[in-house]
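Scroll down for the structure; my scribbles are underneath it.
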Amino acid sequence: MIRVLGKGLTAQAIKDNFNDVILYDDNDFDKYNLESDDITIVSPGIPPYNEMVKKAKNIQSDYDLLYKDMPFSIWISGTNGKTTTTQMIQHLLESKGSVCGGNIGTPITKLDKNAPIWILETSSFTFHYTNIAKPNLYVLLPISEDHISWHGSFKEYEESKLKPLSMMVEGEIAIIPEAYKDYPTSAMKITYKNSDDLCAYFNIEKEKVDFKEPFLLDALLALATKKIVFDDIDYEKINTYKVDKHKVEEFYDKQNRLWIDDSKATNIDATINALPPYKEKKIYLILGGDDKGANLKPLFEFLKDYEVEIFSIGSNCERISKFCDEYKLKNSECKNLEKAVEEISKKHDTDSVSMLSPAAASLDQFNSYKQRGEEFKRFVSSLSFF
């Protein structure tokens, strides 16, 4: 028997693809046999402090459950950029028969086991419960504070991201930030500080890549992956990739003023990475939402060097206001997104830039970051000009 804690997409996929599976949630956990040694798969959204998890035995992830049937696998993780990097790698390798899933798109239990390559975006939540499975090639983007309330501390979050390195073996490869060059692993480590390091190591000509930061790093990691696996750098193919909506997505209003939908920036590192291309402009920046207990100070240390005015929204609105006071940044405490757009519109012109890059999750006021981004664009398009 396989017991699964949770009843979401991951749990349902397991039930659909395995026999003798029972799903549990908090409402029916009283039926759970606490003495059983049956395999217990924990859905990645359930935190380790949940009572079901604390009382369960023989805990594994869905990756562990599938590991024996897993083909050559490339895992992508990190705090920001992992979805784009995963999609870019799939874009480059799809002609080789690769399939893509994991934390995005298709749960791994529904992936084609006959495919030669699995490309998996993998979250720190999954890593926390994974004890057997490991990648053949691990692509790790930089790690910064995120999901602190789930993991309990940044150290625990960081250790989850690094966990695969301790299980990898000789002959496998990990591309990791230089900060972790001394982390113990039997895999071959390729380390980088920035895009230039990756270009130098893999002989990539940066000027042939049509992306700017923050997507440049993602594109280079994708090119590096294909270089490792197939000894090919495919500039033409990578340049046909289209970045998803709500990721540093530029658009203009009826007065030809630049607005940027970066609703996908759900932590401070994403916001920090989005701002440099606009440093020479006056920036009207919408911040706020559910910051998941993250330390916001590094964001404001970064912002003090920009000509920026803050418009705060969401559940951490007052917290943002206190940081703005501390760093002497002008702030309008708008509470909600529509008010922020209206207030910015009174000041915005064709020489400035207005950006929704909230450095926080959206669920305090929206169903998802996608809904937040769509609402942002709707509010801008609805502005009246007299």
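Net charge dipole, region 265-305: roughly 140 debye, given to the nearest 20, about the Cα centre with Cβ charges of +1 for Lys and Arg and -1 for Asp and Glu. Relative contact order, whole percent, for region 129-243 stands at 18, derived from Cα pairs under 8 Å and 6 or more residues apart. Estimated translational diffusion coefficient (Stokes-Einstein, Kirkwood radius over Cα pairs, 25 °C, 0.890 mPa s) of region 68-212: 155 µm² per second.
Compute the separation of the alpha-carbon centres of region 29-59 and region 119-193 and state it in Å as a whole number. If we compute the Cα centre of each part, the gap is 24 Å. Put a plus charge on the Cβ of each Lys and Arg, a minus charge on the Cβ of each Asp and Glu, and nothing anywhere else: the dipole of the chain about its Cα centre is then about 280 debye.
Peptide packing for 33-45, 364-376, 3-15 was compared via the average number of neighbouring C-beta atoms within 10 Å per residue; ordered from the highest value, the list is 3-15, 364-376, 33-45.
When only Cα pairs below 8 angstrom with a gap of at least 6 residues are kept, region 33-135 shows a relative contact order of 34 percent. Of the two radii for region 169-231, the radius of gyration is 0.98 times the Kirkwood radius, both from the alpha carbons; that is the Rg over Rh value. Please say if region 278-386 is rounded, prolate or oblate, where rounded means a/c under 1.5 for a ≥ b ≥ c the square roots of the C-alpha gyration tensor eigenvalues, and otherwise the choice is prolate for a/b larger than b/c and oblate otherwise? Verdict is oblate for region 278-386. Given the options N336, S368, C317, identify the residue whose Cα lies farthest towards the positive end of the charge dipole of region 291-386 (+1 on Cβ of Lys, Arg; -1 on Cβ of Asp, Glu). Farthest towards the positive pole: S368. Since only S166, P142, T266 are under comparison, the one whose Cα sits farthest along the positive direction of the charge dipole of the chain, derived from C-beta charges on Lys, Arg, Asp and Glu, is T266. For region 234-302, just say rounded, prolate or oblate: build the C-alpha gyration tensor, square-root its eigenvalues into a ≥ b ≥ c, call rounded for a/c under 1.5, and beyond that prolate if a/b exceeds b/c, oblate if not. The shape class here is oblate. With contacts taken as Cα pairs under 8 Å at a separation of at least 6 residues, the chain carries a relative contact order of 12 percent.
Between the beta carbons of D30 and N367, assuming R0 = 45 Å, the FRET efficiency works out to 0.90 to the nearest 0.05. Dipole check for region 16-108: with +1 at the C-beta of Lys and Arg, -1 at the C-beta of Asp and Glu, and the Cα centre as origin, the magnitude is about 540 Debye.
Computed from Cα atoms alone, the Kirkwood hydrodynamic radius reported for region 179-275 is 15.5 Å.
Applying 1/(1 + (r/R0)^6) with r as the Cβ-Cβ distance of E333 and N239 and R0 = 35 angstrom yields a FRET efficiency of 0.25. Taking the centroid of alpha carbons for each part, region 83-111 and region 220-250 are 13 Å apart. Compactness of the chain is given as radius of gyration and Dmax, 21.9, 71 Å, from Cα positions. Once you divide the Cα radius of gyration of region 335-386 by 2.2 N^0.38 Å, the number left is 1.18. For region 141-150, putting each phi into the Karplus relation 6.51 cos²θ - 1.76 cosθ + 1.60 with θ = phi - 60° gives couplings of 7, x, 10, 9, 4, 6, 6, 5, 5, 6 Hz, in residue order, rounded to whole numbers and with x for Gly and Pro.
With contributions of -39500 (n - 2.57) from each DSSP H run of at least four residues, the per-residue ellipticity at 222 nm computed over the chain stands at -9500 deg cm²/dmol. Only one residue of N58, H91, Y32 has its Cα farthest out toward the positive end of the dipole of region 29-136, where Lys and Arg carry +1 and Asp and Glu -1 on Cβ, and that residue is H91.
Across region 344-355, coupling constants 3J(HN,Hα) worked out from phi with the 6.51/-1.76/1.60 Karplus curve, θ = phi - 60°, read 5, 4, 5, 10, 5, 9, 6, 9, 10, 9, 10, 9 Hz, and Gly and Pro carry x.
Taking the DSSP beta bridges with both ends in the chain, the antiparallel portion is around 10 percent.
Over all pairs of different C-alpha atoms in region 1-91, the reciprocal of the mean inverse distance, the Kirkwood hydrodynamic radius, equals 14.6 Å. One quarter of the surface of the convex hull around the alpha-carbon atoms of region 215-342 equals 9.8 nm², the direction-averaged projected area. A Förster distance of 35 Å, applied to the separation of the beta-carbon atoms of S315 and K347, puts the FRET efficiency at 0.90. Rounded to a whole number of µm²/s, how large is the Stokes-Einstein D of region 39-119 at 25 °C and 0.890 mPa s, given Rh as the Kirkwood radius over C-alpha pairs? It comes out at roughly 175 µm²/s. Whole angstrom only: what separates the Cα centroid of region 354-386 from the Cα centroid of region 308-347? That distance is 14 Å. Net charge in the neighbourhood of L165 (other residues with Cβ under 10 Å of its Cβ; Lys, Arg +1, Asp, Glu -1) is +3.
Quick note: the coordinates plus some simple rules give every number you see, no bench work behind them. Just so it is clear, the model here is predicted, and its values are computed rather than measured. We place every Cβ from the backbone using ideal geometry, glycine too, and count neighbours over all the protein chains shown.
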